[in-house]
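Below: the structure, in C-alpha cells.
Here, each number is a calculation from the coordinates, and none is a lab measurement. Keep in mind that what you see is a predicted model, and the values were worked out from it rather than measured. A quick note on method: Cβ atoms are made from the backbone with ideal geometry, for glycine too, and the neighbour counts reach across all protein chains shown.
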Amino acid sequence: MRSFVLLALAGATALTACRASVEQPPVPTVPQVSRHPERRGISLLTVSGPQSLAGTEEDIVVDPRRSLAVTDEVILARFSFEEVMNRLAELSGVPGLTGLRLYQEWWDSQRKAPGLGLGGPHCGDELLPDGKPGFNGFPYSCPRDEWRQALENPFLEPATNAVAYVPIGLFNRFDLAAADGSDCGEYRIVFARRSGMSEPNQRNLIAFEGVLPNPKPRKGLDGCRKVARFWAQLSREPDPAARAEALHRFYFEGVGKFPPVIHPDRFGNPTERATGQVRTNQFIQQSVTQGTWTLREFRLRTRCTGDSCMMRFEPDTVKTNPAGILFSAKQEHSLKEEFSEALVSQVEALAVNDLLRFSLDVGERFNSGQSHSNGTENLYSHQMGKGDGPLRRKLKQRLNELGSPLTVDNIVARAQVLSCAGCHQLSTKADLGGGLSWPDKKTPFTFVHVSERTKEEGPDGQRFGLSEVLERTFLPPRRQLLEAFLARRPPFDKPPGPDDECQEPEVRGARVETPGEDTPDKDQCEDEGG
C-alpha cells in the first residue's frame with residue numbers, strides 16, 4: 001500500500017479494471033456545440049445527484065482548493081517561470097533557442113517593427129484602411145507598453161526582481177474535456193509579474209493553458225479517468241510537499257501514459273490533436289487613470305524557411321470575442337451583415353436560462369485581437385445602443401420565434417458575459433434576463449479572478465486569493481462534475497456489464513490499495529483501462 005503521490009512520482013499509475021469484452025460507455029449528449037475557451041465539452045452537461053458525495057470511503061470528495069484551484073505558496077514554490085520557458089525552448093527542436101529569447105521575442109510583438117530585428121511578428125504588421133494598426137481586420141492597440149519586456153531578463157534574481165514572474169495558481173479544467181473524449185480538458189499555470197504586487201499600473205498576468213490529449217481516445221471520455229482521479233486524489237493527500245511534487249511531475253513529465261502539459265504542442269504548435277493557448281491580462285501602463293486593461297491571446301508557432309526554423313509566441317485572435325464594432329448601430333464594417341446572421345443563429349444557445357450553460361460560438365473571422373476590460377470598445381451594449389437597427393430587429397424576431405421572454409438587450413448582455421472582458425470586468429452586476437445577473441467582482445479582484453496582490457491564510461500557509469465569483473459560482477459545479485464523473489453518476493453513468501471484472505483500486509484516505517491477486521494483471525488493465 002503506497003501513497004498515490006508516491007505512485008505518481010515513481011511514474012506508476014493506479015490499476016483499473018478492464019476486459020476486452022466490456023462495452024464502451026455512451027458519449028454524453030451535449031445540448032449545444034461550443035468552441036468557447038471557458039464553456040465547452042462536458043462543462044455544458046447537467047449533472048444530477050447530490051452536490052457532493054456523501055462520503056463512503058471509496059468515494060472521493062473533492063476539496064476545490066486542493067484539486068481544482070491550487071494557490072498555496074508552498075506548492076507553487078515548486079514551479080518557476082524560467083523552467084516553463086526553458087522547457088518549451090528545449091522541446092522546440094530549434095538549435096540554440098533559449099527561454100530568454102523566446103520570452104523577449106514574445107513581447108517584441110507588442111511594438112512596431114523592426115523591434116529586436118529578429119524576424120518575428122509586430123503589432124503594426126497589419127494596417128486598417130484608415131492606416132491604423134489592426135488585427136484580423138479590427139482595431140489593435142499598438143504599441144502597448146508591455147513591449148518593454150523585450151529588453152528585460154525575468155529570470156535574474158526571481159525572488160526580488162520586479163520584472164520576474166511569480167506563479168500564483170494551478171488550475172484543473174477537467175470540465176473542459178471534450179464530450180467524445182478526444183481530449184481530457186485543460187490544465188493551467190498562471191504567473192504574475194512581480195512589479196504588479198506593489199505597483200497597480202505595472203501588472204501583467206500570463207496563463208499557460210494546455211489542452212491534454214487523451215492517450216486512449218478509442219475509449220472515449222473513459223480514457224481520461226486516470227487524469228481525473230489524479231487531481232481528485234490530491235484532496236486526500238495531507239502533505240503539501242507531496243502534492244507539489246506530484247503536480248510538478250504532472251505538468252513537466254506527465255503521469256502514466258498522459259504526456260506533460262508543458263510542451264509546445266499544448267500551446268498552439270500545430271498537431272493533429274486539440275491544443276491550447278497562452279492568454280495574458282495586461283496592464284503595464286504609464287498611469288492607472290489613463291491606461292487600458294486588455295486581454296490578449298498567443299500561440300506557439302514553429303515557422304521554417306528552407307532549412308532554418310524558429311518557434312515563437314505569435315499574437316492570435318481572442319476566442320469568442322467578436323469585435324465591438326460588429327454590434328455598433330453607428331459604425332460600419334464589411335462583416336456586420338454576416339455577423340448579424342451568425343449572432344442570430346446563436347440566440348437559442350444564448351437563451352438557455354442557466355448562468356453557467358448559455359453559450360456563444362462565433363466564427364474566427366469575427367474575433368478581435370484584443371478584449372479591453374475598460375472603455376467602450378468591447379462593451380457590446382454600449383456599441384449597440386438603444387435605438388432601432390437591423391441587428392436589433394433580427395434578434396427580436398428570433399426571440400419571438402423561440403417564444404423567449406428575454407429581450408434583445410438580455411441577449412447582447414449574455415454575449416458580453418462570454419467575452420474575456422465581460423467575464424473579467426465589463427459584465428459585473430449585468431442584468432441577463434430570466435432572473436439571472438452576473439455576480440459582482442468585488443475589490444480587490446477588479447479585472448482578475450486570481451490576484452497576485454491578495455493573500456490569505458490557508459491550511460498549509462499563505463495562498464493567493466481567488467475572486468468570490470470563482471469560489472462561489474465557478475468552482476462548485478466543477479467540483480460536482482468531477483465527483484460525478486469519478487462516481488459514474490449521471491450523465492456519466494454506465495450500468496456494469498455481465499463480464500466486468502476489472503475494478504477501480506480501493507481508495508482509502510490518501511492511499512491507493514493495490515488490487516489483490518484475483519484482479520486482472522497490470523499490463524492488461526494498462527492497455528484497456530481508463
Equivalent-ellipsoid semi-axes (√(5λ), Cα gyration tensor) for region 346-431, whole Å, largest first?
20, 15, 13
To the nearest 20 Debye, how big is the dipole of region 186-227 about its Cα centre, given +1 on the beta carbon of each Lys and Arg and -1 on that of each Asp and Glu?
260 debye
Of the cross-linked pairs LYS112/LYS441; LYS396/LYS429; LYS112/LYS257, which ones have a Cα-Cα span greater than 32 Å in the structure shown?
LYS112/LYS441; LYS112/LYS257
Around GLY185, which amide H atoms from residues at least 5 apart in sequence, or from another chain, sit under 5 Å from its own amide H, with H modelled in the peptide plane?
ALA177, ALA178, LEU212
Under a plain spin-label model, where a point goes 7 Å from the Cα along Cα-to-Cβ, how far apart in nm are ARG488 and ASP239?
3.2 nm
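Report the gain in length on full extension from THR289 to GLU457: 0.36 nm times residue separation, minus Cα-Cα distance, nm rounded to one decimal. Could you put the intermediate results ahead of the total?
Numbers: separation 168, 0.36 × 168 = 60.48 nm, distance 3.16 nm.
Full extension from THR289 to GLU457 adds 57.3 nm.
If N is the number of residues in region 166-293, what value comes out of its Cα radius of gyration divided by 2.2 N^0.38 Å?
Numbers: Rg = 17.0 Å, N = 128, 2.2 N^0.38 = 13.9 Å.
Dividing the Cα Rg of region 166-293 by 2.2 N^0.38 Å gives 1.22.
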Amide H of ILE168 versus every other amide H placed in the peptide plane: which residues, excluding those fewer than 5 positions away on the same chain, fall under 5 Å?
VAL190, PHE191, ALA192
A correct Karplus calculation of ³J(HN,Hα) over region 116-132, with 6.51 cos²θ - 1.76 cosθ + 1.60, θ = phi - 60°, whole Hz and x for Gly and Pro, returns 6, x, 9, x, x, x, 9, 6, x, 5, 10, 10, 7, x, 7, x, 8
With no solvent and one point per C-alpha, what does the Debye sum give as log10 I(q)/I(0) for region 218-323 at q = 0.15, 0.17 Å⁻¹?
-0.92, -1.02
Residues of region 454-485 with amide nitrogen under 20 Å from the 7 Å Cα-to-Cβ point of ALA159?
461-464
Which three numbers, in whole Å and largest first, are the semi-axes of the equivalent ellipsoid of region 45-177 derived from its Cα gyration tensor as √(5λ)?
39, 23, 14
Shape of region 276-330, Cα gyration tensor, a/c cut at 1.5:
oblate
Which value, in debye to the nearest 20, gives the size of the charge dipole of region 211-357 about its Cα centre, when Lys and Arg are +1 and Asp and Glu are -1 at the Cβ?
640 debye
Approximate spin-label separation LYS330-GLN397, in nm, with each point projected 7 Å along Cα-to-Cβ
2.6 nm
Could you list log10 I(q)/I(0) for region 99-151 at q = 0.26 Å⁻¹, which the Debye formula gives when each Cα is one point scatterer?
-0.93
Could you give each residue of region 414-431 its phi-based ³J(HN,Hα) in whole Hz, using Karplus coefficients 6.51, -1.76, 1.60 with θ = phi - 60°, and x for Gly or Pro?
5, 4, 4, 4, 7, 7, 4, 5, x, 5, 7, 7, 5, 9, 3, 6, 5, 7
The set of residues whose placed amide H lies less than 5 Å from the amide H of PHE283, leaving out same-chain residues fewer than 5 positions away, is ARG203, ASN204, LEU205
In whole angstrom, the spacing between the Cα centers of region 365-422 and region 90-150 equals 31 Å
Note, region 35-47: 3J(HN,Hα) by Karplus (6.51, -1.76, 1.60, θ = phi - 60°), whole Hz, Gly/Pro = x, goes 9, 5, x, 10, 9, 7, x, 6, 5, 8, 7, 9, 8
Cα centroid separation, region 443-498 to region 228-298 (Å)
15 Å
